[in-house]
Amino acid sequence: MKKIAIPIVLILALVASILTGCTTPPAPPTTGSLEQRLERLVEQLEQQRQALHIPGMAIAVVKDDEVILAQGFGVADIEKETPVTPQTIFAIGSSTKAFTATLVGMLVDEGKMDWDDPVTDYLPYFTLDIESEDENAEATIRDLLSHRTGFCRMGLLFASGELPREEVLHAATAAEPFTGFREKFYYSNVMYMAAGVAAG
């Protein structure tokens with residue numbers, strides 16, 4: 001019996017030591033005042049920024065509709081060593097699509113907008129030359145947000161960043177569809193821009 005027990009104990013000890021090494025490090029303490037926890041957060045963010053070689057970033061923490069922390073880390077321009085501040089503007093790209101869809105969803109919940117409203121109810125000039133057998137088919141808010149209008153990116157319309165949104169949308173109405181209306185998914189930044197302006 002002793003001959004069997006010793007190997008089992010050794011195996012269990014080995015497994016326990018391996019599993020102990022696999023555990024994740026403990027989470028940062030959540031005790032202390034809010035100010036102390038925010039200080040630890042700032043320290044950890046700066047450590048991670050440096051460890052991951054991120055040139056610059058910013059954070060804002062909101063509690064009860066009040067900004068309780070706004071801070072920049074690192075630089076916005078490596079060559080000029082311009083520091084990141086809470087006012088630094090970042091190009092966040094398609095992250096804004098989640099904001100746009102959330103805003104529309106909130107307006108739908110409030111009864112101020114409907115997913116199936118024609119976009120022209122909000123932007124009368126935004127009449128798309130859609131390709132559909134239904135002569136009365138119109139692009140809806142849902143179509144814009146689900147990338148199924150039949151139009152593709154149209155990225156050149158806003159690539160310079162100099163045209164106002166309304167001008168981009170006016171120009172988009174002259175575009176030809178890439179595929180049939182509601183037939184396929186085609187990613188389009190301009191359609192989200194239109195939804196955002198409509199929700200405006």
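Summary table below
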| item | result |
| --- | --- |
| J(HN,Hα) series, the stretch 85-90, from Karplus relation 6.51 cos²θ - 1.76 cosθ + 1.60, nearest Hz, glycine and proline x | 10, x, 8, 4, 9, 10 |
| Net lengthening on full extension, Ala91/Glu133 (0.36 nm per residue, minus Cα-Cα) | 11.2 nm |
| Radius ratio Rg over Rh of the stretch 29-90, counting only Cα atoms, Kirkwood formula for Rh | 1.02 |
| Inter-centroid distance (Cα atoms) of the stretch 130-179 relative to the stretch 39-102, Å | 32 |
| FRET efficiency estimate (nearest 0.05) - Cβ-Cβ, Lys112 to Glu66, R0 25 angstrom | 0.45 |
| Chymotrypsin sites (Phe, Trp or Tyr not before Pro) restricted to the stretch 156-200 and DSSP loop, no more than 16 other C-beta within 10 Å | Phe178, Phe185, Tyr186, Tyr187 |
| Rg in Å to one decimal, and Dmax rounded to a whole Å, for the stretch 95-199 via C-alpha atoms | 12.9, 37 |
| Cα lying deepest toward the dipole's positive end in the chain, options Met57, Asn136, Val119, charges on Cβ | Met57 |
| 3J(HN,Hα) from dihedral phi, the stretch 124-140, Karplus parametrisation 6.51/-1.76/1.60, rounded to Hz, x for glycine, proline | x, 7, 8, 9, 8, 7, 6, 9, 8, 6, 7, 5, 9, 5, 9, 5, 9 |
| Cα-centred dipole magnitude for the stretch 95-199, charges only on beta-carbon of K, R (+1) and D, E (-1), debye, nearest 20 | 540 |
| In Hz, Karplus ³J(HN,Hα) per residue of the stretch 31-37 (6.51, -1.76, 1.60; θ = phi - 60°; x = Gly, Pro) | 8, x, 5, 4, 4, 5, 5 |
| Estimated distance in nm for a label pair at Ile78 and Ser146, the labels positioned 7 Å out from Cα along Cα-to-Cβ | 4.3 |
| Sparsely packed GluC sites (Glu not before Pro) within the stretch 54-124, loop by DSSP, other Cβ within 10 Å at most 15 | Glu79, Glu81, Glu110 |
| Semi-axis lengths, Å, the chain, gyration tensor of Cα atoms, sqrt of 5 times eigenvalues | 49, 27, 19 |
| Taking Ser94, Ser146 and counting other C-beta atoms within 10 Å, the order from fewest to most | Ser94, Ser146 |
| Amide proton proximity set for Gly56, modelled H, under 5 Å, gap of 5+ | Val75 |
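Each value in this text was obtained by applying a stated rule to the coordinates, not by laboratory testing. On a predicted model such as this, the values are computed, not experimentally measured, just so you know. Virtual Cβ from ideal backbone geometry, glycine too; neighbours counted across all protein chains shown.
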